[in-house]
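Some notes on the structure that comes next.
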Amino acid sequence: AQSVTQPDIHITVSEGASLELRCNYSYGATPYLFWYVQSPGQGLQLLLKYFSGDTLVQGIKGFEAEFKRSQSSFNLRKPSVHWSDAAEYFCAVGRFADGNEKLTFGTGTRLTIIP
Amino acid sequence: IAGITQAPTSQILAAGRRMTLRCTQDMRHNAMYWYRQDLGLGLRLIHYSNTAGTTGKGEVPDGYSVSRANTDDFPLTLASAVPSQTSVYFCASRRRGGTGELFFGEGSRLTVL
């Protein structure tokens, strides 16, 4: 069964500081991995995705994530956060093939930015 | 602007009442999904549809039904609402054969009293 763990429920960082949000997954084959962001009262927006190839993927808004197969991780990073990055972040794993129609989401990490 | 439209945005409902949440997309995506979002639980899949005329159960389907009469519409029905169905519901769509990205609506907040 596929699963996603986001161990940090809430993270607070100062504006301008670097950020890393953790994501660990369990999947029986090569996973497709995603990071979504949800601003308050909004739906989810895709930040970035990994399917294959280069394990360091770039996304929108200056975010990047690195796929580490040996650690079953797909951590999200940003070198310098902005106040507008305050939101909820969800990691997801899934592969829409072989009859699997399920994208499994983690429980989310809420990011607070302080001045 | 292309995307997914959900209605209503918010609704308070008495237990035992029937409720249909509407979802319409104009991207001609084949696959559509309904998720519920609850604090501490993330998003959980309720039902999905790979293409018009077909539907499937997700991980939390009990108490919900869906239909997919055409490509654009994917309504979610609560036949007899219960307080545990208080949640935020998100509709999403995906182009089959694409890269797997889900496009989400802005959600419907449902409170069952």
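The values are calculated or read from the model by the stated rules, or taken from the named source; none is laboratory data. Only a predicted model underlies this, so the values are computations on that prediction, with no experimental measurement involved. Glycine also receives a Cβ, built like all others from the backbone with ideal geometry; neighbour counts cover every protein chain displayed. Keep in mind that these areas ignore ligands, DNA and RNA; they rest on the heavy atoms of the full protein, side chains included. Shrake-Rupley method; radii C 1.70, N 1.55, O 1.52, S 1.80 Å.
Count, please, the residues in the range B:96-113 that happen to be part of a loop (DSSP other than H, G, I, E, B), out of contact with any Lys or Arg (no Cβ under 8 Å at 6 or more places or on another chain) and open to solvent by 50 Å² or more (accessible area, probe 1.4 Å).
Looking only at that region, the number is 4.
Scan the range B:95-113 for residues that are under 22 Å from A:GLN42 (Cβ atoms) and more than 7 Å from every other protein chain (Cβ to nearest Cβ) and jot them down.
Answer for the range B:95-113, where residues must be under 22 Å from A:GLN42 (Cβ atoms) and more than 7 Å from every other protein chain (Cβ to nearest Cβ): B:ARG95, B:PHE103, B:SER108, B:ARG109, B:LEU110, B:THR111.
State the number of residues belonging to the range B:31-48 that are in contact (Cβ under 8 Å) with a residue 60 or more places away in the chain and either among the hydrophobic types (A, V, I, L, M, F, W, C) or at the interface with chain A (Cβ under 7 Å from one of its Cβ atoms) (or both).
Residues in the range B:31-48 being in contact (Cβ under 8 Å) with a residue 60 or more places away in the chain and either among the hydrophobic types (A, V, I, L, M, F, W, C) or at the interface with chain A (Cβ under 7 Å from one of its Cβ atoms) (or both): 2 in total.
Please go through the range A:1-38 and pick out each residue that is open to solvent by less than 30 Å² (accessible area, probe 1.4 Å), closer than 15 Å to A:GLN71 by Cα and away from every other protein chain (no Cβ under 11 Å).
A:LEU21, A:CYS23, A:TYR25
Restricting attention to strands (runs of 3 or more DSSP E) lying wholly within the range A:1-87, give those where 3 or more residues are in contact (Cβ under 8 Å) with a residue 40 or more places away in the chain.
A:3-5, A:10-14, A:19-21, A:24-26, A:32-38, A:73-78
Inside the range B:36-86, can you point out the residues that are crowded, with 18+ Cβ neighbours inside 10 Å and on the phi > 0 side of the Ramachandran plot?
Of everything in the range B:36-86, just one residue is crowded, with 18+ Cβ neighbours inside 10 Å and on the phi > 0 side of the Ramachandran plot, namely B:GLY42.
State which residue pairs qualify: first residue under 7 Å from A:GLN6 (Cα atoms) and inside the range A:95-109, second residue modelled with pLDDT under 85 and open to solvent by 40 Å² or more (accessible area, probe 1.4 Å) in any location, beta carbons under 7 Å apart, and separation of 6 or more residues or different chains.
Sorted first by the residue in the range A:95-109, then by its partner, the list stays empty.
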